[in-house]
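Bear in mind that the values in this text are calculations on the coordinates, not laboratory data. Keep in mind that this is a model prediction, so the values were computed, not measured. Cβ coordinates were reconstructed from backbone atoms using ideal geometry, including for glycine residues, and neighbour counts include every protein chain displayed.
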Amino acid sequence: MVYEPVSEAAYAELLTGFGFPAGEAAWLSALFATLLDGHNSSATDGVKRVLGREPRSFAAFAAEAWGGEA
């Protein structure tokens, strides 16, 4: 499986193709576009404060969980 970025409009079109009502598809695609726009990409000190360790990337987590390399 390979990640392929999809535009907000293309995702909405894909959802409507699966039977989502157009309004819901537009709302959901806009939600994901907001989540994936990069403003949430930086780590904060919350992990260190709560867990007592430095944060790690999702790639590092996945490599440890599934035995690969980050």
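Things to note:
- Interatomic Cα distance distribution for the chain, bins of 5 angstrom, percent: 3, 14, 14, 15, 15, 13, 13, 8, 3, 0
- Net charge of neighbours whose Cβ lies under 14 Å from the Cβ of Leu15, counting Lys and Arg as +1 and Asp and Glu as -1: -3
- Only helical runs count toward this figure. For the chain, summing -39,500 (n - 2.57) over DSSP H runs of n ≥ 4 and dividing by all residues gives -16000 deg cm²/dmol at 222 nm.
- Net charge dipole size for the chain [Lys, Arg +1 and Asp, Glu -1 on Cβ; Debye, nearest 20]: 360 debye
- Burial ranking of peptide ranges 32-40, 13-21 (average Cβ count within 10 Å, highest at the top): 13-21, 32-40
- Unit charges at the beta carbon, dipole of the chain: most positive-side option, Leu36, Val2, Ala60: Ala60
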